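**Student:** Once you've had a glance at the structure underneath, I'll fire off some questions.
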């Protein structure tokens, strides 16, 4: 290791708390910026909601999708020997991950590592493995949906109900065999191979299925946003399937451009164009759907942040009352 690498590592180690605070402030600012930009863009393309319930349903779907995301991460961490209470997950998961809105995305994972170390003394390497597994599971589920999109003319949806679970298990078993081979060759990757091998196949399978459901929920959310433009709503499975595929493609495009904060702008641009190309939506309707979709997801994250804060506040007040009662006795 070169001297400058050692120096950089020492600086990061000694200033993690300060960097986390800066990350929270910058990430929170960019989150609010996204919300404001979304509202401004919505006002520029003002339209009247014919079905307000559609937007509320879309918000509920987005919140549920985020909760499933937290559940998947929690399950991976439990297999890694870190069983985090739900109260702490709601309080810290999205708050610690706010810096992901800073260009580079990695800052969110660094902040999460600091949160887990400060609150639960979780080793940074365990946190990193948990984050890699969470992201890998999300990407794998996303790729399965995209594979379905590009092969559905030749492979029916019924077959994909079998193929998706089968490939999920096979992919993990192959990955574990590769890790065992590397371990036999004394290649340790900073001691993380054992941690990856501690993950049960059942956990990987369940978490990947949960992420598959998460992408479907985002597709349903888009469907209800789109339906809010209409006076009458008819549940259409084919439209929901198509919108799930479209959202998955847009998310992947936003993800691979790592220097744009949380896919800001690019994802909406991709979503707008995909909606135009794959649906009968006009340019204005597609733009509004993409913008409102972003606003809904941001509001969903804020709702969970507030929920976690309220849970934490309630827990603190309850503990204070309990201590006061003991003092009186």
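None of the figures in this text is laboratory data; all of them are computed from the coordinates on show. Given the structure is predicted, the values throughout are model-derived calculations rather than measurements. Glycine also receives a Cβ, built like all others from the backbone with ideal geometry; neighbour counts cover every protein chain displayed.
**Student:** Based on other C-beta atoms within 10 Å, arrange 72, 280 from fewest to most. Mind dumping the intermediate values first?
**Tutor:** Numbers: 72 25, 280 7.
Ranked by crowding around the Cβ, least crowded first: 280, 72.
**Student:** Hey, with R₀ at 51 Å, roughly what FRET efficiency would residue 322 and residue 185 work out to, going by the Cβ-Cβ distance, to 0.05? Let's see the in-between values first.
**Tutor:** Details: r = 55 Å, r/R0 = 1.07.
According to the calculation, E is roughly 0.40.
**Student:** Provide the FRET efficiency to the nearest 0.05 for the residue 169-residue 306 pair, computing r from the beta carbons and using R0 = 56 Å.
**Tutor:** Numbers: r = 38 Å, r/R0 = 0.68.
Taking R0 as 56 Å, the efficiency between residue 169 and residue 306 is 0.90.
**Student:** Can you tell me the FRET efficiency between residue 276 and residue 162 if r is taken as the Cβ-Cβ distance and R0 is 30 Å, rounded to the nearest 0.05? Let's see the in-between values first.
**Tutor:** Working: r = 33 Å, r/R0 = 1.10.
E(calc), rounded to 0.05, equals 0.35.
**Student:** Then there is this: Once you place label points 7 Å from the Cα toward the Cβ at residue 120 and residue 155, how far apart are they in nm?
**Tutor:** Placing both labels 7 Å along Cα→Cβ, they lie 3.5 nm apart.
**Student:** For the stretch 105-247, state the average projected area of the convex hull of the C-alpha atoms over all orientations, rounded to one decimal in nm². Can you show the working numbers first?
**Tutor:** Numbers: hull surface 46.3 nm².
Approximately 11.6 nm², given one-decimal rounding.
**Student:** How much length is gained if the chain between residue 236 and residue 283 is pulled fully straight, taking 0.36 nm per residue apart and subtracting their Cα-Cα distance, in nm to one decimal?
**Tutor:** Numbers: separation 47, 0.36 × 47 = 16.92 nm, distance 2.15 nm.
Extending this stretch completely gives an extra 14.8 nm.
**Student:** Additional query: For 123, 285, 83, what ranking results if the residue with the fewest other Cβ atoms within 10 Å of its Cβ goes first?
**Tutor:** Working: 123 16, 285 19, 83 10.
Least crowded to most crowded, the residues run 83, 123, 285.
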